[in-house]
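Engineer: Sharing a structure here in structure tokens format.
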Amino acid sequence: MTAMPATVLIYYDFRMLGHNPHGWDPERPEWTDAVKAMIKLQYPNANLDTYSHPERPERLTAIVDRLLLEPIEGVRWMLPAPAGTAQLERAHDAAYVAHIESLDGQSGWLSQDTTAVSPGSVIAARLAAGSGISAIEAIAAGEAERAFCIVRPPGHHAPADRARGFCLYNNLAVAAAHARKALGYERVMIWDLDMHHGNGTQAIFYDDPGVLVVDSHCAAPFYPGSGLLDETGAGPGLGYHLNVPLPMGFGNAALLKVFEQVVRPAACAFRPDILLVSTGFDCHYLDMVCNMNETGYAAVTQRMSNLADELCEGRLVLMLEGGYSAKALADSAYAVSEALAGKPVNTFNVLADDPGCAAASDAAAFHASSIAALKNQTH
């Protein structure tokens with residue numbers, strides 16, 4: 001007897017394609033030079049003469065086209081409501097929100113790392129931030145247990161007071177704050193599995209014991225250069241940040257080890273009311289830095305779904321972060337959506353020698369005392 005597929009809410013609005021920064025900033029040649037140096041260091045074979053902004057609309061259309069061409073049973077398409085000012089200000093400074101809103105209809109760079117706006121960026125950013133809120137509201141109302149927010153601009157590099165790393169508003173942080181402040185979820189757990197450290201999410205919740213953050217990423221000095229093992233929180237939030245820095249080149253086995261040795265035990269100790277995942281697909285081998293593929297993302301998603309069923313009545317929201325290869329994005333998002341809908345994941349590809357496995361185990365050993373303390377504090 002075949003199990004019925006789970007309902008998966010997919011949040012998307014075509015207006016997020018209106019965020020379309022491109023090219024260099026002719027008004028800031030020193031920024032352009034610095035960015036070219038950064039790209040050359042990370043991607044030595046890149047052609048800087050034909051460079052286009054990697055955070056481009058095709059990232060979303062690749063995903064959406066694949067999902068529409070090959071429909072998955074159980075998927076329901078949903079339109080997000082744009083985040084309101086008060087909702088944004090739960091995670092961001094009021095002055096910063098006002099600054100971003102003042103840029104509506106304009107173009108220009110906001111940061112040397114090529115974070116930029118185009119005329120449609122402000123509404124796109126509001127919709128991206130609002131997607132997580134809409135998803136959590138629907139889950140709280142019993143419409144489904146799982147949701148996947150296909151959004152841009154991404155969010156996890158944005159702290160409370162500035163734009164950074166292609167991010168304007170911190171979409172997942174806005175959603176987490178809404179879950180706690182508006183819906184009464186006392187304990188929210190975030191796993192950021194993007195290739196880059198979610199420095200913005202860390203900064204926003206660094207002293208907050210109501211939000212547990214696990215962040216696996218390429219180790220510093222890889223962008224943004226933060227996320228060290230000993231960055232574990234501050235004040236009442238000490239021990240509620242568990243960074244897992246990994247070497248470049250890690251694959252599926254390493255991320256599954258992060259789940260088994262850090263995410264799962266931390267979640268079982270913390271007992272979250274909802275699980276949120278900053279889902280970056282840039283660990284895919286087609287993005288040329290790491291060696292994951294879509295089978296690894298599907299396996300991780302299946303395990304997170306099972307964990308949500310065990311701990312928090314199935315409540316699980318995935319939010320798109322990075323990933324810049326159209327094919328990798330389409331393949332990975334499709335595999336993840338199938339896993340959310342309940343398709344069994346029986347096999348996944350592994351490297352003969354995954355360089356991230358040892359680092360994941362080292363991080364687990366480092367955080368063991370924090371995880372033990374979590375259990376004492378939440379029971």
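The values are calculated or read from the model by the stated rules, or taken from the named source; none is laboratory data. Bear in mind that the values here come from a model prediction, so they are computed numbers and not experimental data. As a convention, Cβ positions derive from the backbone with ideal geometry for all residues, glycine included, and neighbour counts pool all protein chains shown.
Engineer: Would you mind listing the helices (runs of 4 or more DSSP H) fully within the stretch 253-354 where at least 2 residues are of a type outside the set (K, R) and closer than 20 Å to R59 by Cα?
Structural biologist: Details: elements: 264-270, 294-311, 326-340.
Qualifying helices (runs of 4 or more DSSP H): 294-311, 326-340.
Engineer: If you take the residues of the stretch 1-57 that are in a loop (DSSP other than H, G, I, E, B), within 25 Å of the chain's Cα centre (by Cα) and among the polar types (S, T, N, Q), which of them is modelled with the lowest pLDDT?
Structural biologist: S52
Residues are listed down the side, and each one gets a yes or a no for (1) surrounded by 15 or more Cβ atoms within 10 Å (Cβ to Cβ); (2) over 28 Å from S305 (Cβ atoms); (3) not basic (K, R):
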residue: L67; (1), (2), (3): yes, no, yes
residue: R76; (1), (2), (3): no, no, no
residue: A83; (1), (2), (3): yes, no, yes
residue: A86; (1), (2), (3): no, yes, yes
residue: R90; (1), (2), (3): yes, no, no
residue: P119; (1), (2), (3): no, yes, yes
residue: I136; (1), (2), (3): yes, no, yes
residue: R146; (1), (2), (3): yes, no, no
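Engineer: Being farther than 21 Å from M292 by Cβ, in contact (Cβ under 8 Å) with a residue 24 or more places away in the chain and of a type outside the set (D, E, K, R) narrows it down to one of G227, G210, G184, so name that one. So that I can check it myself, show each step before the final result.
Structural biologist: Details: G227 fails: farther than 21 Å from M292 by Cβ; G184 fails: in contact (Cβ under 8 Å) with a residue 24 or more places away in the chain.
Within the list G227, G210, G184, the selection yields G210.
Engineer: Look through P154, P119, P159 and report the one residue that is over 21 Å from P272 (Cβ atoms) and touching a strand residue (DSSP E or B) at 6+ places or on another chain (Cβ under 6 Å). Before you say what the answer is, go through the steps one by one.
Structural biologist: Details: P119 fails: touching a strand residue (DSSP E or B) at 6+ places or on another chain (Cβ under 6 Å); P159 fails: touching a strand residue (DSSP E or B) at 6+ places or on another chain (Cβ under 6 Å).
On inspection, the qualifying residue turns out to be P154.
Engineer: While we're here: Go through (1) aliphatic (A, V, I, L, M); (2) touching a helix residue (DSSP H, G or I) at 6+ places or on another chain (Cβ under 8 Å); (3) loosely packed, with under 15 Cβ neighbours inside 10 Å and name the single condition I123 misses.
Structural biologist: Evaluating I123 over (1) aliphatic (A, V, I, L, M); (2) touching a helix residue (DSSP H, G or I) at 6+ places or on another chain (Cβ under 8 Å); (3) loosely packed, with under 15 Cβ neighbours inside 10 Å leaves (3) as the failure.
Engineer: Specify which of the listed residues (S226, S216) is polar (S, T, N, Q), closer than 20 Å to G322 by Cβ and surrounded by fewer than 22 Cβ atoms within 10 Å (Cβ to Cβ).
Structural biologist: On the way: S216 fails: surrounded by fewer than 22 Cβ atoms within 10 Å (Cβ to Cβ).
None of the other options fit; the residue is S226.
Engineer: I've got another one for you. Return the residues of the stretch 310-353 that are under 14 Å from the mean Cα position of the chain (by Cα), among the small types (G, A, S) and under 14 Å from G296 (Cα atoms); say none if nothing qualifies. Don't jump to the end; show me each part of the working.
Structural biologist: In the first step, residues of the stretch 310-353 are kept if they are under 14 Å from the mean Cα position of the chain (by Cα); the result is 316-324, 329, 332-333, 336.
Those left that are additionally among the small types (G, A, S): 322-323, 332-333.
If the condition is that a residue be under 14 Å from the mean Cα position of the chain (by Cα), among the small types (G, A, S) and under 14 Å from G296 (Cα atoms), then S332, A333 are the ones that fit.
Engineer: Just checking, which of H157, H197 is in contact with a Pro (Cβ under 8 Å, 6 or more places away or on another chain), without any contact (Cβ under 8 Å) to a residue 60 or more places away in the chain, assigned to a loop (DSSP other than H, G, I, E, B) and not hydroxyl-bearing (S, T, Y)?
Structural biologist: Values: H157 fails: without any contact (Cβ under 8 Å) to a residue 60 or more places away in the chain.
Sole residue among the options that is in contact with a Pro (Cβ under 8 Å, 6 or more places away or on another chain), without any contact (Cβ under 8 Å) to a residue 60 or more places away in the chain, assigned to a loop (DSSP other than H, G, I, E, B) and not hydroxyl-bearing (S, T, Y): H197.
Engineer: Could you list, in sequence order, the residues of the stretch 209-268 that are hydroxyl-bearing (S, T, Y), at pLDDT 95 or above and within 20 Å of G155 (Cβ to Cβ)?
Structural biologist: Of all residues in the stretch 209-268, those hydroxyl-bearing (S, T, Y) come to 216, 223, 226, 232, 240.
Narrowing the set further to residues that are at pLDDT 95 or above leaves 216, 226, 232, 240.
Once the filter is applied, which keeps residues that are hydroxyl-bearing (S, T, Y), at pLDDT 95 or above and within 20 Å of G155 (Cβ to Cβ), the stretch 209-268 yields S216, S226, Y240.
Listed here are the residues, each with its yes/no results for (1) under 24 Å from R271 (Cβ atoms); (2) buried (at least 24 other Cβ atoms within 10 Å of the Cβ); (3) modelled with pLDDT of 95 or more; (4) out of contact with any Gly (no Cβ under 6 Å at 6 or more places or on another chain).
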position	(1), (2), (3), (4)
T295	no, no, yes, yes
D309	yes, no, yes, yes
A326	no, no, yes, yes
A341	no, no, yes, no
N346	no, no, no, yes
D354	no, no, yes, no
A364	yes, no, yes, yes
S369	yes, no, yes, yes
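Engineer: Does E143 satisfy the condition of being over 11 Å from the mean Cα position of the chain (by Cα) and in contact (Cβ under 8 Å) with a residue 60 or more places away in the chain? Even if it seems obvious, please write down each step before you answer.
Structural biologist: Numbers: over 11 Å from the mean Cα position of the chain (by Cα): yes; in contact (Cβ under 8 Å) with a residue 60 or more places away in the chain: yes.
In short, yes.
Engineer: With respect to F281, determine if the residue is farther than 30 Å from H178 by Cα, crowded, with 19+ Cβ neighbours inside 10 Å and either of a type outside the set (G, A, S) or over 22 Å from the mean Cα position of the chain (by Cα) (or both). Can you show your working first?
Structural biologist: Values: farther than 30 Å from H178 by Cα: no; crowded, with 19+ Cβ neighbours inside 10 Å: yes; either of a type outside the set (G, A, S) or over 22 Å from the mean Cα position of the chain (by Cα) (or both): yes.
Here the answer is no, as F281 does not meet what is asked.
Engineer: Are any residues in the stretch 206-221 within 14 Å of L374 (Cα to Cα) and part of a strand (DSSP E or B), and if so, which ones? Let's see the steps before the verdict.
Structural biologist: We begin by selecting, within the stretch 206-221, every residue within 14 Å of L374 (Cα to Cα); these are 208-214.
Of everything in the stretch 206-221, those that are within 14 Å of L374 (Cα to Cα) and part of a strand (DSSP E or B) turn out to be V211, L212, V213, V214.
Engineer: Please specify each residue of the stretch 81-91 satisfying the condition of being over 20 Å from G120 (Cβ atoms) and assigned to a loop (DSSP other than H, G, I, E, B).
Structural biologist: E89, R90, A91
Engineer: Which of (1) in a helix (DSSP H, G or I); (2) small (G, A, S); (3) in contact (Cβ under 8 Å) with a residue 24 or more places away in the chain; (4) more than 19 Å from V8 (Cα to Cα) does A98 not meet, given it meets every other one?
Structural biologist: (3)
Engineer: For the subset of the stretch 243-269 comprising residues that are among the β-branched types (V, I, T) and farther than 14 Å from M195 by Cα, which member is surrounded by the fewest Cβ atoms within 10 Å (Cβ to Cβ)?
Structural biologist: That would be V262.
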